[in-house]
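The values are calculated or read from the model by the stated rules, or taken from the named source; none is laboratory data. Everything numeric in this text was worked out from a predicted model, so none of it was measured. FYI the Cβ positions are ideal-geometry reconstructions off the backbone, even for glycines, and counts take in every protein chain you see. With ligands, DNA and RNA removed, areas are computed over all heavy atoms of the protein, side chains included. Shrake-Rupley method; radii C 1.70, N 1.55, O 1.52, S 1.80 Å.
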Amino acid sequence: QVQLVESGGGLVQAGGSLRLSCVASGRTFSTSSMGWFRQAPGKEREFVSRISWSGDTYYGDSVKGRFSISRDNAKSTVYLQMNSLNPEDTAVYYCAADKRRGADYRSPGSWGYWGQGTQVTVSS
């Protein structure tokens, strides 16, 4: 069993920055792939970013060049640094863990555990 707790969401003006955190417990964090997804009202959950256990990073096209994912294995924490935010980034952001081996990391169904989500609102 894995527990994920996100934090760091809030209200920010367009062009601003936020850093989200996700603390994991219950499993060896250092060998786990971790991901971030987001879901806006009326839309499907969308892949944002992923970091492998070895530190390889992957990004959705809409956030590439603006968002950065990182991890601190000593703190069992994964971060999402979000810069140059715009109103289209408004969504609930979810942390995910335990991607099935060989599964498409961009698909929400490939991940076994989810956090409760943290709201990010970007005003224009």
Take the conditions within 14 Å of Gly9 (Cβ to Cβ), part of a strand (DSSP E or B) and within 14 Å of the chain's Cα centre (by Cα) and apply them to Val92. Does it pass? yes
Quickly run through the range 1-42 and pick out the residues that are open to solvent by less than 30 Å² (accessible area, probe 1.4 Å) and without any contact (Cβ under 8 Å) to a residue 60 or more places away in the chain. Ser21, Phe29, Ala40
Name the residue that is nearest to Ser110 (Cα to Cα), counting only residues in the range 45-71 that are touching a residue at least 12 places away in the same chain (Cβ under 8 Å) and over 12 Å from the mean Cα position of the chain (by Cα). Ser52
Would you be able to say whether some residue in the range 72-79 is within 14 Å of the chain's Cα centre (by Cα) and either in contact (Cβ under 8 Å) with a residue 60 or more places away in the chain or in a helix (DSSP H, G or I) (or both)? yes
Of Ala74, Ala97, which residue is open to solvent by 30 Å² or more (accessible area, probe 1.4 Å) and of a type in the set (A, V, I, L, M)? Ala74
Restricting to the range 53-63, and then to whatever is modelled with pLDDT of 95 or more and in contact with a strand residue (DSSP E or B) (Cβ under 9 Å, 6 or more places away or on another chain), can you tell me which residue is surrounded by the fewest Cβ atoms within 10 Å (Cβ to Cβ)? Asp56
All but one of (1) over 10 Å from the mean Cα position of the chain (by Cα); (2) modelled with pLDDT of 95 or more; (3) charged (D, E, K, R) hold for Asp104, so report the exception by its number. (2)
In the range 108-122, anything open to solvent by 40 Å² or more (accessible area, probe 1.4 Å) and either under 13 Å from the mean Cα position of the chain (by Cα) or over 29 Å from Thr31 (Cβ atoms) (or both) is listed as Pro108, Tyr113, Trp114, Gln116, Gln119, Thr121
